[in-house]
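A short write-up of the structure that comes next.
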Amino acid sequence: MMILRSAPPSPFARKVRIALSVLGFDGEVSVEAADTGDAHDSLRAQNPLGKIPVLIVEDGTAFYDSRVILEYLDNRAGGGKILPREASRRITVLRLQALCDGIMDAAILIVYEGRWRAVEKHEPRWLDHQAGKVSRALAALEAASLPRAGVIPDVGQIALACALGYRDFRFDRTWRNAHPRLAAWLEDFSTHVPAFVATAPIG
């Protein structure tokens, strides 16, 4: 059985959990909690970066980060499921994933700034720098043509849903009013991909 080291709030772990579900691997994985802040957690032996998610397969090999894990899972499912085989479409999907992963990276850095530094020590230029990445990316996505998700979404759609879901979770849904097309897309995604609702973050 595979083991997924994860934490409920992580949007990157959510990507993997959604992929596991839509590819039919729910019964082949055990989800085990990981604490990235605990120096004694075995996570740091499984991934030297001490980051989640990590997928440990039956032979003990540990895969990270989420992009590599999704590629592994697609191959394990026979290929061409969540990652297109055709080169130009594959690049388009991977490009969307990269943009959405960037949104999540920036959002997490903003959260960490608030969590790990006293308010008087917050660096406004740093926070503005990260917020600018998010606002530009969301504007680009709002203007883009986004395909409707099917029962098996691709990795770009999964990443987009997780990025928007994390904005809902950590930033009080504040992105929605300025991005009505994205909000509508997310509602459609959640309807067609039950795993999105099932993996809603907590904590």
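The values are calculated or read from the model by the stated rules, or taken from the named source; none is laboratory data. Being a predicted model, the structure only gives us computed values, none of them experimental. Here the Cβ positions follow ideal geometry from the backbone for every residue, glycine too, while neighbour counts run over all protein chains shown.
A few notes on this one:
- Restricting 85, 95 to those that are free of Cβ contacts under 8 Å to residues at least 40 places away in the same chain and farther than 15 Å from residue 12 by Cβ reduces the list to 85.
- Filter result for the condition that a residue is at pLDDT below 95 and of a type in the set (D, E, K, R), over 38, 59: 38
- Looking across region 68-95, the residues that are of a type in the set (Lys, Arg) and either loosely packed, with under 12 Cβ neighbours inside 10 Å or in contact with an Asp or Glu (Cβ under 7 Å, 6 or more places away or on another chain) (or both) come down to 81, 85, 95.
- Total residues in region 25-80 satisfying the condition of being touching a residue at least 12 places away in the same chain (Cβ under 8 Å), among the small types (Gly, Ala, Ser) and outside any loop (DSSP other than H, G, I, E, B): the figure is 4.
- Checked against the criterion of being among the charged types (D, E, K, R) and surrounded by 11 or more Cβ atoms within 10 Å (Cβ to Cβ), region 42-54 contains one or more residues that satisfy it.
- Restricting region 116-144 to residues that are surrounded by 10 or more Cβ atoms within 10 Å (Cβ to Cβ) and of a type in the set (Lys, Arg) leaves a set whose member that is farthest from residue 173 (Cα to Cα) is 117.
- Residues that are under 30 Å from residue 37 (Cα atoms) number at least 1 in the following helices (runs of 4 or more DSSP H) confined to region 95-203: 124-143, 155-171, 194-198.
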